[in-house]
Structure formats: structure tokens, C-alpha cells
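Accompanying notes for the structure given below.
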């Protein structure tokens, strides 16, 4: 079952995200929306939730840039899932977290 979660930005802007119903709602606060509908309030701001992902993304990029022949372009794709309690977490496909990494080298033509 899906549940609405109210996230806020550090500037105070509030928005809703549809997430899977949490197993326990004891750690989250219920809030009433202007429409009268109930939603869960996220435990942290949207920026704080995404801050958990930054070290992992930075490590991946740093390691790929340190290749003997660094790529001219690096693209990393991964799935994120937002929850009311934990914030942003890496999502899994088939029970495993997956990353898609694309490295590109541009051949420079001699002039």
C-alpha cells in the first residue's frame, strides 16, 4: 500500500512523495494536509535525505577518475528510494543494488 510523505526543502518549501507504507508508523509523525487528507511527515529535509547518497556517489566517481587512463566522460546511474523514516536509500532490483556505469574515451585526432 502507498502512503504520502511530506518532505520539506531547507527553504521551507513542502512537497509530497508517494512511498511504500512504512512497517511501523511509531517513528513518524502524521500531519494533516490542507485538503484534510493525512500524510506522514519525513524525519528529515529532502536535502538531508540526499546527503546520505553523496559520499557513495563521490567515492564511485573518485575511483573511476583515478583509472590509469581516466575516461573523458563518466556516467553513473543508480536507483534511489525515499522512505519516511530513513530518507534516501539505494533501491534494489531483484534483491540486489545495481549501478550502471558508462565510461567514454574520446579519441583526439592529430592535427
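The values are calculated or read from the model by the stated rules, or taken from the named source; none is laboratory data. Computed from a predicted model, the values in this text were never measured in an experiment. Counting neighbours? That spans all protein chains shown, and the Cβs are built from the backbone with ideal geometry, glycine included.
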Can you name the condition, by its number, that residue 74 falls short on among (1) at pLDDT 85 or above; (2) surrounded by 12 or more Cβ atoms within 10 Å (Cβ to Cβ); (3) closer than 29 Å to residue 15 by Cα? (3)
Could you tell me whether residue 57 is in contact with a helix residue (DSSP H, G or I) (Cβ under 9 Å, 6 or more places away or on another chain), outside any strand (DSSP E or B) and at pLDDT 80 or above? no
Among the residues in the stretch 32-40, are any touching a residue at least 24 places away in the same chain (Cβ under 8 Å), closer than 16 Å to residue 82 by Cα and assigned to a loop (DSSP other than H, G, I, E, B)? no
Within the stretch 1-16, which residues are without any contact (Cβ under 8 Å) to a residue 60 or more places away in the chain, assigned to a strand (DSSP E or B) and either more than 20 Å from residue 38 (Cβ to Cβ) or over 16 Å from the mean Cα position of the chain (by Cα) (or both)? 2, 4, 14
Taking the condition modelled with pLDDT of 85 or more, surrounded by 12 or more Cβ atoms within 10 Å (Cβ to Cβ), under 24 Å from residue 15 (Cβ atoms) and in contact with a strand residue (DSSP E or B) (Cβ under 9 Å, 6 or more places away or on another chain), does residue 81 pass? no
Tell me whether the stretch 72-80 contains one or more residues that are within 20 Å of the chain's Cα centre (by Cα) and assigned to a helix (DSSP H, G or I). no
Could you please give the count of residues in the stretch 60-71 that are surrounded by fewer than 11 Cβ atoms within 10 Å (Cβ to Cβ) and either in a helix (DSSP H, G or I) or under 20 Å from the mean Cα position of the chain (by Cα) (or both)? 3
Scope the stretch 15-48; condition loosely packed, with under 13 Cβ neighbours inside 10 Å, under 17 Å from residue 89 (Cα atoms), at pLDDT below 85 and in contact with a strand residue (DSSP E or B) (Cβ under 6 Å, 6 or more places away or on another chain); matching residues: 21
